[in-house]
Structure formats: C-alpha cells, structure tokens
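The values are calculated or read from the model by the stated rules, or taken from the named source; none is laboratory data. Treat the numbers as computed from the prediction; the structure is a model and nothing was measured. With ideal geometry, Cβ positions are generated from the backbone for all residues, glycine too; neighbour counts draw on all protein chains shown. These area figures cover heavy atoms from the full protein model, side chains too; ligands, DNA and RNA do not enter into them. Shrake-Rupley method; radii C 1.70, N 1.55, O 1.52, S 1.80 Å.
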Amino acid sequence: MDEQKLAKAIADLISAASSSTPTRKAGAKASPSKKKRGPNAYNKEFSKQMKKLKKKHPRTPVTKLMKKAHSATKKARKGKR
C-alpha cells in the first residue's frame with residue numbers, strides 16, 4: 001500500500017470514529033418512540049384534591065398541600081380498588 005492510500009484510510013477511520021451520530025444499516029427501521037401513558041385514577045383524584053386545597057389555602061407551601069392531598073386521595077379512593 002502506498003502512503004497516500006494509507007493516509008486516506010486512516011483519515012476515513014478517524015472521521016468515522018469521531019462522528020457523533022450512530023449509523024444504521026441500510027434497511028433498518030427507526031425505533032418507534034415510546035407511547036406516553038395517560039393519568040391513572042389515583043392521579044386524577046389527586047389532581048382534584050390538590051386543586052381544591054390550593055383554592056382553599058393559596059399561601060400554604062405546595063409540599064404541605066401535597067401531603068394533605070395524598071391523604072385525602074387515599075381516603076376518597078378507599079373502596080375503589
């Protein structure tokens with residue numbers, strides 16, 4: 001192999017290794033994106049309780065309201081399992 005071919009081969013290897021995008025095979029399909037799950041029953045009830053508490057106590061820190069909303073949600077959903 002002469003020097004020019006060797007230099008070109010090395011340059012090609014370096015450029016291929018430094019490319020940041022992964023390569024796919026010619027016939028390969030792109031992976032499907034994950035489907036996002038909707039809110040479950042607990043999340044819906046928690047949202048209602050949180051809105052209710054926020055309206056009633058607007059200046060209370062959200063962390064405290066979340067604890068109360070969680071308790072209220074558990075109580076509201078007690079027999080709905």
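Computed over the chain with a Gaussian network model linking Cα atoms closer than 10 Å, the most mobile of LYS29, LYS67, LYS44 is LYS29.
Couplings 3J(HN,Hα) of the range 69-75, computed from phi: 5, 5, 4, 5, 5, 4, 5 Hz, in residue order, whole Hz [Karplus 6.51 cos²θ - 1.76 cosθ + 1.60, θ = phi - 60°; x for Gly and Pro].
Per-residue packing, averaged as other Cβ atoms within 10 Å, sorts the ranges 72-78, 11-17 into the order 72-78, 11-17, beginning with the highest.
Rolling a 1.4 Å probe over the protein heavy atoms gives the chain an accessible area of 99 Å² per residue.
Given a 1.4 angstrom probe, I'd like the percentage of the accessible area of the chain that is carbon and sulfur, rounded to a whole number. Mind showing how you got there, number by number?
On the way: 4640 of 8060 Å².
That fraction is 58 percent.
Projected label points at LYS35 and ALA9, each 7 Å from Cα along the beta carbon direction, are separated by 5.0 nanometres. Once the chain from MET66 to LYS78 is taken as fully extended at 0.36 nm per residue, the excess over their C-alpha distance is 2.5 nm.
When the Cα atoms of the chain are enclosed in a convex hull and the volume is divided per residue, what value in Å³ results?
Numbers: hull volume 16.6 nm³, N = 81.
Given the Cα convex hull of the chain, per-residue volume reads 206 Å³.
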